[in-house]
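These notes are about the structure you will find just below.
The values are calculated or read from the model by the stated rules, or taken from the named source; none is laboratory data. Model, not experiment: these values are computed from the prediction. Neighbour counts run over all protein chains shown; Cβ positions are idealised from the backbone, glycine included. SASA here: full protein model, heavy atoms, side chains in, ligands and nucleic acids out. Shrake-Rupley method; radii C 1.70, N 1.55, O 1.52, S 1.80 Å.
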Amino acid sequence: MSTRVEIHQLDAVVVGGGGSGLAAAVYLARQPNIRTGVISKLYPTRSHTGTAQGGVGAALGNCDPEGDSWEWHMFDTVKGSDYLADQDAVEVLCKEAIDLIYELEHMGLPFSRTPEGRIAQRRFGGHTVNFGEKPSRRACYAADRTGHMILQTLYQQCIKHSVEFYDEYQVIDLLVEGNRCQGVVAIEIDTGVLHVFHAKAVLFATGGWGRMFEITSNAVTLTGDAAALVWRRGLPLEDMEFFQIHPTGIYKLGILITEGVRGEGGVLRNSEGERFMERYAPTMKDLASRDVISRAIYLEIKEGRGIGGKGCVNLDATHLGREVIEEKLPDIADFCRTYIGVDPAVDPMPVQPTAHYAMGGLPTDVDGCLLADAEGTLVDGVYSSGECACVSVHGANRLGTNSLLDLIVFGRRAGLHMGAYAAAADYVPLPDDPAGRAIEQLERIRKGKGDRAAILRDEMQAVMTEHVSVFREEPGLSEAVAKVQELRERFRDVKIDDTSERFNLDILEAFELGCLLDCAYSTATAAQNRTESRGAHYREDYPKRNDEQWLKHTFQHLRNGDKVEFSYKPVTITRYQPKERVY
Ligand SMILES: Cc1cc2nc3c(=O)[nH]c(=O)nc-3n(C[C@H](O)[C@H](O)[C@H](O)COP(=O)(O)OP(=O)(O)OC[C@H]3O[C@@H](n4cnc5c(N)ncnc54)[C@H](O)[C@@H]3O)c2cc1C
């Protein structure tokens, strides 16, 4: 089959049209003479950022009598991370949050308002007043459609600044030589034509990989493409063992019920009607951090206090009253009525933990520049931001509202840095056959004779859910590593039904499964390697945090396609020494 290849040249290419990609693109395109393109497999405003509900964190102090400070926000974030976040990066996150929220407001973002007309703020898990005294109101929100509003606002700014959009183009290869960026290769989904984007700088902002698991809040498109592409090119991934399982997904469906419900006063109850979080987290209760609550829910279920003997507990918001629910949580009420026939103003919502957020990913510095190793060598011209990146501001467990914040803070910084870099740099010449490797991969999938992608995907999700979720231990982890490796081998002969050129989603779904399998391999091997418990990574056979041995970031390189090589980077600690974490 002959494949047509077109070549483009752009100063800066952003891969991903979610909140972080668009934030980077706005700040790139505002710089003079930087031709900027955004490549996105989805139409940008369909990106997962648009589903983010609850809020974006910033210490504006609009709603608590004590006010707020970026230092309290920083402390909460570091504690939430179980002391694994790099504190220099967290400081940047929390300080820059404040002016960025006002900047978004000036761009036109319609935040909900206090009666005095200020940006409204609500409570969210792990965010406190005065270093842990009591829950604080720090999450700025636009009803329960905060991500939607951020995405629309940034998209309009991109249009205003003449960003070029390549919508429904899927990037399938990164071109780098000797730690220097050459560009990316993408497939135009509509036509099947391959496009080589020769670029001085490339930013990856492709979002997460929650589709490794059976029950997840993540859209079907969250398949870890960037993580897999850079890993296959010999570049490292960082802290992949840390994957957040959010406490409240709709039972059996995984659709997220925002923490904002608990922020507004909703409580979790077991089959006895007991508000069980009072036992697990006496101060913060239902607003403890997510790892703590997800473990508590599983323990309640394990001890026989699931609702109706099933694998769920209740999230009770009935006492909030219909008016509050309809005004502050309209989409949540709508999801519950539509998908499970429950009206949250009348009945509690049945919930179970749901795979939600990748704390690890492509290692970067605070300007989004990609690291080639744990020593901090940079890959010139390659950047990453948003969920697929690991700066690291979330460490072992992310606080709610800090992802939307991460997108815009580090999206902006990466965009600014990339523009300056591209203005000064020359193009690195393309290799002889730039699309060769991409074509080879697609042809292999077209000719495969083994199992269908759906079968391999089910097996991967089952083993990841069973052994690499909230509770982990040997020998389950060994089993998971062996199983995922077996699936990666079977994937080499994966079979598809549709071999046509145009709009071939069959081949792209198979390609995405390959990416997920690499993310699963990296996650399972890293989880097996880290013999302690920290944040979202809980080892039943090593239940204690072990700072002496493990207060460090995991780096993983893939060698010869299969062998995982580990190295470690020290955690940057500036203000807050590690302490025991209680809520
Ligand atoms: C249901 C839900 C609710 C959430 N609520 C909150 C909240 O209230 N507060 C909060 O802080 N966080 C929240 N989060 C987390 C947060 O929304 C995400 O982490 C964040 O939106 C990710 O943004 P992103 O820009 O990194 O990627 P995304 O928004 O996921 O966008 C990824 C982009 O990459 C593109 N892409 C992917 N692969 C390719 C490829 N190979 N080629 C080309 N393009 C590609 C896609 O087309 C898409 O445009 C929530 C998450 C979910 C799932």
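Of K310, K569, which has the most accessible area with a 1.4 Å probe, and how do the rest follow in descending order? Mind showing how you got there, number by number?
Values: K310 105, K569 35 Å².
If we order K310, K569 from most to least accessible, we get K310, K569.
What are the DSSP H helices in the chain that stretch 24 Å or more along their long axis, judged by alpha-carbon atoms, and whose average Kyte-Doolittle hydropathy comes to at least -0.5?
87-107, 402-424, 505-529
First compute the accessible area of the chain with a 1.4 Å probe, then give the percent of it belonging to carbon and sulfur atoms.
Percent of accessible area from carbon and sulfur atoms in the chain: 48.
Given labels modelled 7 Å from the Cα in the Cβ direction, how far is it in nm from R322 to T3?
5.7 nm
Taking 0.36 nm per residue of sequence separation and subtracting the Cα-Cα distance, how much length would be gained by fully extending the chain between L378 and D347, in nm to one decimal?
Working: separation 31, 0.36 × 31 = 11.16 nm, distance 5.33 nm.
My answer for the length gained is 5.8 nm.
Where does the stretch 1-91 land on the Kirkwood hydrodynamic radius, alpha-carbon pairs, in angstrom?
Over the stretch 1-91, the inverse of the mean reciprocal pair distance is 16.9 Å.
Could you give me the radius of gyration and the Dmax of the stretch 251-355, taking only the C-alpha atoms into account and expressing both in angstrom?
12.8, 37
So, in nm, how far is label D547 from label E71 when the simple model puts each one 7 Å beyond its Cα toward the Cβ?
Going by the 7 Å Cα→Cβ label model, 2.0 nm.
State, to one decimal in nm, how far the label point of D426 lies from the label point of R180, with both points 7 Å from Cα in the Cβ direction.
My value for the distance between the label points is 0.8 nm.
Per residue, how many Å² of accessible area does the stretch 436-550 show with a 1.4 Å probe?
In whole numbers, the stretch 436-550 has 42 Å² accessible per residue.
Across every pair of different alpha-carbon atoms, what Kirkwood hydrodynamic radius in Å does the stretch 415-494 reach?
It works out to 16.3 Å.
Rounded to a whole number, what is D in µm²/s for the stretch 436-550 from Stokes-Einstein with the Kirkwood radius over alpha-carbon pairs (20 °C, 1.002 mPa s)? Present the calculation step by step, with values, prior to reporting the outcome.
On the way: Rh = 15.4 Å.
In µm²/s, the coefficient is 139.
To the nearest 10 square angstrom, how much accessible area does Y339 have with a 1.4 angstrom probe?
Approximately 130 Å² for this residue.
Dipole of the chain (Lys/Arg Cβ +1, Asp/Glu Cβ -1, origin at the Cα centre): which of F471, A453, A201 lies farthest to the positive side?
F471
Counting each pair of different Cα atoms once, what's the Kirkwood radius of the chain in Å, rounded to one decimal?
Its Kirkwood hydrodynamic radius stands at 23.8 Å.
Ignoring ligands, DNA and RNA, what accessible area per residue does the stretch 251-355 give at 1.4 Å, in Å²?
Ligands and nucleic acids excluded, the figure is 40 Å² per residue.
Taking 0.36 nm per residue of separation and subtracting the Cα-Cα distance, what length does fully extending R575 through E501 add?
Stretched out fully, the R575 to E501 stretch lengthens by 21.1 nm.
Tell me, what is the per residue accessible area of the stretch 54-105 in Å², probe radius 1.4 Å?
24 Å²
Which percentage, to the nearest 5, of the DSSP beta bridges contained in the chain is antiparallel?
Counting DSSP beta bridges with both partners in the chain, the antiparallel share is about 65 percent.
Taking R0 as 35 Å, what's the FRET efficiency between N33 and T191 from their Cβ-Cβ distance, rounded to 0.05?
That gives a FRET efficiency of 0.70.
Provide the gained length on full extension for the span D493 to K95, in nm with one decimal, where the gain is 0.36 nm per separating residue minus the Cα-Cα distance.
138.3 nm
Enter the accessible area of E274 (Å², nearest 10), with the probe set to 1.4 Å and all protein chains included.
We get 60 Å² for E274.
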